[in-house]
Each structure stands twice: as structure tokens, then as C-alpha cells.
1. Looking at N138, N185, N179, which one is touching a strand residue (DSSP E or B) at 6+ places or on another chain (Cβ under 9 Å) and either over 17 Å from G24 (Cα atoms) or among the polar types (S, T, N, Q) (or both)?
2. Which pairs do you get when a residue that is closer than 17 Å to M167 by Cβ, found in segment 141-157, comes within reach of a residue that is in a strand (DSSP E or B), reach meaning Cβ atoms under 8 angstrom, with the pair 6+ apart or on two chains?
3. Could you say which residue among A371, A367 is closer than 21 Å to D270 by Cα and in contact with a Lys or Arg (Cβ under 9 Å, 6 or more places away or on another chain)?
4. Give the residues of segment 101-151 that are assigned to a helix (DSSP H, G or I), touching a His at 6+ places or on another chain (Cβ under 9 Å) and crowded, with 21+ Cβ neighbours inside 10 Å, sorted by residue number.
5. Inspect segment 374-393 for any residue being closer than 16 Å to G269 by Cα and touching a helix residue (DSSP H, G or I) at 6+ places or on another chain (Cβ under 6 Å) and give the result as yes or no.
6. In segment 242-270, what residues are farther than 17 Å from T373 by Cβ and in a helix (DSSP H, G or I)?
7. Do we have any residue at all in segment 41-55 that's without any contact (Cβ under 8 Å) to a residue 60 or more places away in the chain, closer than 27 Å to N138 by Cα and among the acidic types (D, E)?
8. Among the strands (runs of 3 or more DSSP E) confined wholly to segment 40-100, which include 1 or more residues that are at pLDDT 85 or above and buried (at least 17 other Cβ atoms within 10 Å of the Cβ)?
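The values are calculated or read from the model by the stated rules, or taken from the named source; none is laboratory data. From a predicted model like this one, the values you see are computed outputs, not experimental measurements. Quick reminder, even Gly has a Cβ in these numbers, built from the backbone with ideal geometry, and neighbours come from all protein chains shown.
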Amino acid sequence: MLEKLKIFAQKLNKETGSILVLVGGAVRDMITGESIKDWDLEIFDILPATFQAWLINNDFDFKIEPNSKFPVIRMKIDGQELEIGFPRTENKTGSKHSDFEITVKPDMSFEDASLRRDFAMNAMGFNLLTGEILDPHNGADDLESKMLTVVDVKTFREDSLRILRAMQFVSRFELNPSNVFCAINQNMVNELKALDPTSIWQEFQKMINKGTTKGIEMALDFLVALSNNFELFPIFNRMQHTEQNEKHHAEGNVFNHTKLVVEHCKKFGDNHTANKTLLFLSALCHDMGKVKATKFKNGKLVAYGHENINDEMFEFLEDIGTPKKMTLQVAQLVKSHMLNKDMKSLKWFKLSEAFEKIGLTLRDFLAVKRADTLGRTSANEERKMNNFNELHEKLKNCKIIDGTLPKLINGDDVQRLLKIPACERVCRILQQVRNLQYFGKVLTRDNALLWLRLPKLRKAIEKGLIYMVDDVLVDDTNLIF
């Protein structure tokens, strides 16, 4: 693709005198040896209208990005989508992320044009005519030394979302953000809080799904530093200052434990076809309730019921723009994370049904539970892991890890066989047959229909004489199963 672009650039230069430069992440990928994912270019020394006329005269298929505040050309070369912009200045006119006055300046130098970029590693260019790397702010050095450096503090502060762009770049490339932290001020943070959460959510998505295990840990440290100094996402500061019982959590405060749990959820998500964002947020939020629940009782720290304290979790998820469905899923996983092998089997069957209704399975629960178990450095780690393995085996034997047991009959079957109208009694009968299925008394649809045809059983089911008590199938009719 690069050779095709060079040919295109040479033809363009010969006929118009303009210079085409590959910019942004594409140049960064070239230097790091990664495959180029986004082909973004800037064209110098030509007016937008002149360039468009040249494209038309040469029969290139292109379109102008309709939602952009400045000319952006989208086209394809050799089947590859390109985005071509023009050198410009950007002057902030308001508090919103989109409040900028744009002025296109085709005769700008590459160095001057790059001043509007956020970080030095994103301000590099590749001259397609000469093959020269243009690096006026030493971005290549930053990549080698693992530093994230602001191009220009003044222009950096004009876009508050760049705080979270720093977060996701730290996560992806394991960069030291100390230079960026020095450039952030309270006004930027205030404006970030006022942004549409949709744009914030996009940066968190990139941090989670593109970040390395080490990078995500570094990004979380960056976030807690922001929380400590600017009260951005204040829950992180509170978690860092919430201590835990050393007997169970030798790793220290809640935030330290949370980072370990996130790490293990990250590893699980990388190795399985799992929803990485869901697992990350569940791990990140699972102990937020400890901030309010932790207290001294009988001379020791306890946090009883912390899984049910969720107001700060909901506030955080709303602030970062989490979709409603995922918020509901995270809340369910957080609420469930303290459940263990001692819970009765019937309740696990019921929980699997509740999970299914909101798009979860018990495998999601087990991923969070396993990470929570591994995310501690206490003396009883082996016993905790043994308990988890017993739980996993229990759910495996119940055959509900990846979903509920399939329903063998429905309300129409009950109405047809028992000749009764739709009513509450039908629901009760369906649940009783479901109980029989849970404990292996009926295994197939034909088996279930046969049970319903037995007069004595049918009457017992209708009257609610067959039911569950503490995982035991109770039969008040002395029927032999």
C-alpha cells in the first residue's frame, strides 16, 4: 500500500506542486514495526478546492466528510480507505469538545501544522516524496524511552479530552505520563467533566481493549493520580485510602487489590472469547462499596455487605458513559461476586436464569470470582483457590456455566394437556416441572410431557405439593420418583 501511495503522491506533486504526508498513528506504527491500521494524510501547498478539482479531472472516486468542520477528503487507493486533511490552526471558542474555530492554511510548514497535535509521538510525519521521517518534537525518542510528551502545553489545554487520550496511550504503549500530568490543570478537568460522556466512553474502550496488562496498570495509576490531585473520578482516591484486613488482603488498600483483580480479568479476557470491557469494569467496580462499608468491628477491619452498596459505582459508570445494558450487567456481577460454593444448587439455577435475562452467563461470574480470588496476597490463597475450584466444579456438574438448562415445555403444553386456561397456576406448574428438571427427574421434553400426563403427579403439581426446600425435592404426596 505504501508504494501505491508514493506513486499517487509523485503524480500529485508533478501536476500540482503539492506535498502529501502520512501523519499520526500511521507513522507511529511504521516506527514501532506495527502494521498500519489508519491511513491518515495531510496535503500541503494546495487549496482544498484545487485538490478536489484535480481528483475529479483524474477520475478518482472521493467524498467530502459531511460532519467535519474543515475539509476532509475520503477516498480509496488500491482498495484501502484514506483520509486526507489540510494543515490548519485551531482556536478554542467555547467549553465544548467541538468548540473550535478552524482555519485552513495550505502554506504552513509541517512543524507549525504539527503544533495542534496532542503528543509528540502523534506529531510525526512521513514525506511520501522523499521517504523522510518528519519529527519536529522528537516523538521517536519518546517511543524509545517510553515517555508520553505534550507537543504544546497551550494547545494541549484547549482540548480536555486529551486527558483521557493520554490514559489510553499509556495503556496501549506502556508510557510514562509524568510530562502530561504536569500539563494538566484544573480548568481542563472541569471541562472534561462537562463533556458528553459518549466521547469519554470511547477513550475508555480504547484503554481497555487495546491496552497491555502492564499498560492498563499504569493507566490506572495515572487515573488515581488525577483523582488525588484534581478530584477527577474521586472514587479512586477513596479506594486508595480504604484499608483492608491484612489477614485477607496483604496487598494493602482497596485500590491495590482492585488493580490485581483487573490484571487477572485482563488475562482471562485475552485468553477467552470474553467481553473485555464487561470484565474490566466489573473488576474495577467490584469493591467500590468497601469505601462506605469498611469499619472496625471487634478490633478488626470488616466490610460486610459491600457488594450491595452501589451508589458510587453507578455514579462512576454514568460519568464515563457506560451503556445502560452494560451498567446493569456490571451491577449484577458486582452484587454476585461474594457468592461461594456453599450456596444451594437451586439458587445457582435461579441465578443462571437471572443472568440470562440480561445477557450474562455464570462463566462471566466465574471470571470475576476467579480474578477476585487471585487478586490478593494473603496466607490463605491456596484455601481460597480450592474453594473456587469446588464452586467451578459444582456449576459444571449442574451444566449451567454457559447458560441455563433449556426449557423442556412451555405454557401452551400445560394448557393443552391439563385443559386449563392461562393463569397463575400454569406458571406454578411450569416452575415445578423446572424444579424436577434441575434435579434430574426429567431430562427430555418427552419425559416432561409424560410426567404431566400422570394423573397423581399432575394433581400434585397443580396443588403445589411438589416444591423445593433447601435444595431438597419435597413430595407431600408420597410419590416415588
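1. Numbers: N138 fails: touching a strand residue (DSSP E or B) at 6+ places or on another chain (Cβ under 9 Å); N185 fails: touching a strand residue (DSSP E or B) at 6+ places or on another chain (Cβ under 9 Å).
None of the others qualify; the one that does is N179.
2. Note: pairs meeting the criteria are D142/F119; K146/N176; M147/N176; L148/F119; L148/N176; T149/F119; V150/F119; F156/V150.
3. Details: A367 fails: in contact with a Lys or Arg (Cβ under 9 Å, 6 or more places away or on another chain).
It is A371.
4. So the first thing to find is which residues in segment 101-151 are assigned to a helix (DSSP H, G or I), and the list is 110-116, 120-122, 139-145.
If we keep only those that are touching a His at 6+ places or on another chain (Cβ under 9 Å) as well, we get 111, 114-115, 120-121.
Matches in segment 101-151: S114, A120, M121.
5. Here is the first cut: in segment 374-393, the ones closer than 16 Å to G269 by Cα are 374-375.
Filter again for touching a helix residue (DSSP H, G or I) at 6+ places or on another chain (Cβ under 6 Å), leaving 374-375.
Yes, some residue in segment 374-393 is closer than 16 Å to G269 by Cα and touching a helix residue (DSSP H, G or I) at 6+ places or on another chain (Cβ under 6 Å).
6. Once the filter is applied, which keeps residues that are farther than 17 Å from T373 by Cβ and in a helix (DSSP H, G or I), segment 242-270 yields F255, D270.
7. Within segment 41-55 (the criterion being without any contact (Cβ under 8 Å) to a residue 60 or more places away in the chain, closer than 27 Å to N138 by Cα and among the acidic types (D, E)), the answer is no, since none of the residues qualifies.
8. Values: elements: 40-44, 62-64, 73-77, 80-85, 88-92.
Passing ranges, in order: 40-44, 73-77, 80-85, 88-92.
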